[in-house]
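Worksheet: one structure, shown below.
The numbers here are math on the coordinates, done by the rules we state, and not lab data. This structure is a prediction, so every number in the text was calculated from the model and none was measured. So basically every Cβ, Gly included, is an ideal-geometry build from the backbone, and we count neighbours across all protein chains shown.
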Amino acid sequence: MGDILSAVGNIAFNGLAFAMVLYLISVGLSVTMGMMGFVNLAHGVFAMAGGYVVTSLMREQGVPFPLALLGAALTVAAASVPVERLLYRRFYGGDELDQVLLTIGLAFMSVAGATYIWGPLQQPLQPPPWLSGVADLGFRSFPAYRSFLILCGAALVTALWLSIERTRFGARVRAAVDNLRMAQSIGIDTSRLFMATFGLGSGLAGLGGALGADLLTVNPGYALQNLIYFLIVVAVGGLGSIRGPFFAALLIGVTDTASKYLVPEFGAFFIYVLTLAVLLWRPRGLFGRA
Amino acid sequence: MSTPALETRGLHKSFGALTVANAVEFRLEQGARHALIGPNGAGKTTFVNLVTGALRPSAGQIRLDGADITDLPQAARVKRGLVRTFQITALFRRLSVLENVTLAVCEREGLGGELLRPAGRHRAVIEEAFALLERFGLADEALRPVNTLAYGRQRLVEIAIALGLSPRVLLLDEPAAGVPSGESGLIIDVIENLPSDIALLIIEHDMDLVFRLAQRITVLVQGSVLVEGPPDAIAADTRVRQVYLGERMRA
Amino acid sequence: MTTSRLVEAFARRHRYHPLEGLPWLAAIAAYFAFPSYLPLGAQVLATILFALSADLVLGYAGIVTLGQAAFFGAGAYTAGLLAAHGWGEPITGLLAGALVAALIGLLSGIVILRTTGLTLLMLTLVVASMLYEAVNKASWLTGGDDGLQGMEVWWIFGQFRFDLFGQTAYFYCLIVLFLCWLAVRRIVHSPFGRSLVGIRENVLRMHAIGAPVARRRLVVYTISAALAGMSGALIAQTTQFVALSFLGLDRSGTVLIMLIIGGVGRLYGAFIGVPLYMIAQDRFSTIDPVYWYFWIGLLMVLVVLFARGGVLGLFDRFRR
């Protein structure tokens with residue numbers, strides 16, 4: 001009995017940590033898809049870049065972990081803006097095939113680019129001493145880093161949801177996702193909104209990639225390897241939804257952890273079955289708009 | 001009273017708290033010239049979507065020539081002669097004008113699923129489509145991509161496609177919308193000369209057009225039928241003036 | 001006079017044009033001109049069939065898919081497993097591959113084609129990934145990561161041995177490609193094929209003219225799967241090897257690249273894009289595989305930005 005409880009606890013804990021990472025990375029993709037009507041298959045590149053930046057900053061520059069995280073998020077956010085302005089913008093609301101081909105091409109380039117800059121091997125994340133090891137809470141001990149991941153993720157998600165609900169920026173985002181033409185006609189500068197939203201989404205992805213570097217290993221093939229996970233979270237959550245992907249991420253994160261724990265030879269098979277089942281039941285995703 | 005060409009009984013649609021069609025009772029008589037008017041957002045296009053099957057009703061019944069079609073998919077309703085045009089032109093953009101109409105005639109004839117014979121072999125279909133183009137004065141542009149045509153002429157192609165389907169009931173959703181007044185004359189002509197055995201329902205904002213073409217008018221406001229009757233009665237009705245015509249006077 | 005000329009021109013679009021003989025002449029010429037490259041040539045021909053299958057579903061019907069490799073791999077493993085377990089007859093192996101792939105296409109299509117856009121794209125990827133995982137799991141049967149070993153393909157009609165120089169393989173692939181091309185060409189010019197273009201151009205309109213859209217999409221998806229399965233079987237039989245990578249995202253992605261280089265939805269884009277890509281890959285990717293991905297990615301970006309119609313599109317522009 002104790003073993004089962006322990007297993008359930010492990011799955012829940014690690015599943016939650018994975019869910020946090022998946023959500024932070026995928027929420028930007030959901031909004032980009034919902035607001036700009038843009039299928040960005042290169043979204044994983046931002047997460048990958050975040051992972052590379054944080055590991056490089058820590059390893060080569062000796063930057064302390066919290067600063068490195070911040071650096072990763074900001075660098076990726078800043079670098080994403082020119083991509084949006086110069087490249088993606090032309091394809092908004094356009095032919096889906098164009099968007100797919102363009103962003104797959106960018107993803108391919110990212111594989112080569114990452115290999116060129118950082119080499120073909122994966123970059124492990126060395127968490128700082130105060131986050132290594134376990135945190136003993138008496139009744140249970142939890143791995144410190146994963147606990148931090150969950151807490152940090154929860155804080156970020158809360159901050160995100162609050163700002164979407166309470167700030168003017170958040171209101172504009174919600175309006176634009178809901179009905180772009182209407183938002184434009186009430187005077188929202190959608191051009192700047194796209195840029196800001198894209199930057200925020202990419203920055204969050206970078207942060208997610210950085211925080212989750214030990215769950216989704218940082219290596220040159222990252223963007224293509226994990227693409228399917230991000231797409232699943234977004235589609236199951238509901239395109240354009242901000243909360244939806246969170247619940248999808250929980251579902252996927254826990255299921256994936258459980259299946260890796262209980263039936264590892266099957267790989268991600270059960271995730272796929274789950275995805276098909278959910279989308280058969282609700283083709284627009286859990287929180288998708290009708 | 002003969003069977004109406006189209007009839008809705010208690011047609012209702014709501015999205016949560018928002019009701020877009022409120023238990024609508026509607027009759028379109030055989031060979032009718034009927035107009036559906038109402039302020040913006042009244043639910044006119046929604047009504048057409050419900051009737052044609054593009055939208056599922058929350059409740060109510062739809063009858064075509066007396067037969068219940070409420071559960072039929074859109075394509076099946078078209079096969080029975082219920083045809084619509086779109087408010088915002090929906091054509092096969094990069095295809096030629098002729099091909100746009102040919103596709104419709106081909107589907108009507110049940111040939112659309114044929115895999116192994118070239119489409120060009122079905123001469124009768126192509127010639128019928130071409131004859132329609134000639135009737136509408138579109139013959140010279142037959143092979144041009146339809147998105148290179150002037151907007152008014154694109155609206156004509158919409159109607160040509162609809163006629164290519166041999167409709168019994170034709171729903172025209174704002175046929176003259178967005179068309180420069182110089183080009184709308186041809187559209188009005190075409191509508192006036194439609195065969196009398198087709199029951200016609202026009203959604204329009206252009207009151208001149210409505211009063212010229214319609215024998216009966218239904219006024220829809222916020223999903224509910226406000227009043228229905230012959231043009232004179234509608235024009236004289238104070239409620240209509242308040243809600244709809246009155247808005248124009250205030251503007 | 002003008003009127004009937006217009007109708008004539010329209011009704012004759014399916015007639016054969018002399019230029020259409022060019023790819024076949026080129027293929028036969030290549031046989032004699034490059035005798036040491038026939039194995040590569042056979043692969044190119046089989047891959048053209050793969051690209052044709054993708055063009056049908058993507059270029060004509062407008063179904064954006066990243067999972068064509070599922071059908072390719074299914075056909076390959078079917079033919080491969082048959083040949084590895086005592087039934088090496090190539091033609092029946094080919095047909096079996098097509099059938100299995102078609103079945104997977106039909107079943108998965110019924111489930112996933114109700115969705116559109118990003119969701120559909122993701123689901124095509126999911127189906128391919130599921131197949132990948134299943135084949136990987138069944139490594140006792142399929143060889144898993146190491147690939148399928150022990151294929152023994154028999155002589156075609158008992159007459160033609162698959163020789164080391166690739167002569168038989170080349171003609172085998174050429175003839176299969178030719179027959180399939182005839183079929184695809186027919187389909188594309190048929191009322192069904194034209195209705196697919198209608199579905200691509202305006203699906204709303206297609207519903208409104210009474211076309212059974214879902215059924216048409218399912219049919220083309222299944223046909224495309226069968227053709228992709230055939231091409232996978234061809235590769236398996238001519239190289240006597242099947243790898244897990246046949247089912248991967250890479251394979252699905254590169255067929256899209258090859259198509260867009262040649263021109264999507266033009267039937268002949270495959271005939272231009274596939275040889276260009278594969279010959280270039282043969283030359284350059286061994287120099288530095290990493291850089292290969294970079295240049296291919298860059299090429300895709302540039303093509304989408306400046307030459308969206310591919311090589312065929314550029315020809316069009318120069319003609320005007």
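Values computed for the structure shown
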read-out	value
Using alpha-carbon coordinates, inclination of helix B:181-192 to the longest axis of chain B, degrees	90 degrees
Gain in span if fully extended, C:PHE284 to C:ASP146, counting 0.36 nm per residue against the direct Cα distance	47.1 nm
For the protein assembly as shown, with +1 on Lys and Arg beta carbons and -1 on Asp and Glu, the positive-most of B:GLY31, A:CYS152, C:LEU249 along the dipole	B:GLY31
Chain B: relative contact order in percent, alpha carbon pairs under 8 Å with at least 6 residues between	27 percent
Over 24 Å [Cα-Cα, region B:6-250], rounded percent	48 percent
Average beta-carbon neighbours from other chains, 10 Å sphere, peptide C:284-294	3
Cα centre as origin, Lys/Arg/Asp/Glu Cβ charges: region B:6-250 dipole, Debye	560 debye
C:LEU276/A:PHE169 FRET efficiency (R0 45 Å; Cβ-Cβ; nearest 0.05)	0.45
Rounded FRET efficiency, nearest 0.05, which uses the C-beta distance separating B:GLN61 from C:LEU302 and R0 of 60 Å	0.60
Cα lying deepest toward the dipole's positive end in region B:1-116, options B:THR89, B:GLY41, B:ALA21, charges on Cβ	B:GLY41
For chain C, calculated [θ]222 nm from helices alone, where every DSSP H run of n ≥ 4 adds -39500 (n - 2.57)	-23500 deg cm²/dmol
Within straight-line cross-link reach of C:LYS137, lysines at Cα separation under 30 Å, skipping those fewer than 8 residues along the same chain	A:LYS260
Neighbour-count ranking [beta-carbon atoms within 10 angstrom, fewest first] of C:SER53, A:SER147	A:SER147, C:SER53
Relative contact order for chain A, counting Cα pairs under 8 Å that sit 6 or more residues apart, in percent	37 percent
Angle in degrees between helix C:310-319 and the longest Cα principal axis of chain C, rounded to the nearest 10	40 degrees
Zone residues, region B:164-195, relative to B:ARG144, backbone N less than 18 Å from point 7 Å out along Cα-to-Cβ	B:179-187
Contour minus Cα-Cα distance for B:ARG80 and B:ARG117 (0.36 nm per residue)	10.7 nm
Test item: B:101-112 mean partner chain Cβ contacts at 10 Å	5
Debye log10 I(q)/I(0) at q = 0.09, 0.11, 0.20 Å⁻¹ for region C:97-245, Cα point scatterers	-0.39, -0.57, -1.27
Cα-projected label distance for C:ARG13 with C:PHE32, points at 7 Å along beta-carbon direction, nm	3.7 nm
Fraction of beta bridges assigned by DSSP in the protein assembly as shown that are antiparallel (%, nearest 5)	60 percent
C-alpha center-to-center spacing [region B:10-77, region A:76-91] in angstrom	45 Å
For the protein assembly as shown, size of Cβ-based charge dipole, Lys and Arg +1, Asp and Glu -1, in debye	1080 debye
Span-like helix ranges in chain A, DSSP H, alpha carbon extent 30 angstrom or more, Kyte mean at least -1.0	A:2-31, A:96-118, A:144-166, A:190-211
Förster radius 22 Å - calculated FRET efficiency between A:ASN179 and A:ALA154, Cβ distance, rounded to 0.05	0.10
Cα→Cβ-extended label distance, 7 Å offset, between A:GLN61 and B:GLU109, nm	7.1 nm
Reachable lysines, given that their alpha-carbon falls under 27 Å from the alpha-carbon of B:LYS13 and they are not under 8 places away in the same chain	B:LYS44, B:LYS79
Chain B: angle of helix B:123-135 to the longest principal axis, Cα-based, in degrees nearest 10	50 degrees
By average C-beta atoms within 10 angstrom, highest first, the peptides B:103-116, C:235-248, C:28-41	C:235-248, B:103-116, C:28-41
Assigned charges on the beta-carbon of Lys, Arg, Asp, Glu; region C:20-319 dipole about Cα centre (debye)	1180 debye
Rounded Å value of the spacing that divides the Cα centres of region C:72-126 and region A:93-140	32 Å
Region B:69-150, Rg to Rh (Cα coordinates; Rh as Kirkwood inverse mean 1/r)	0.99
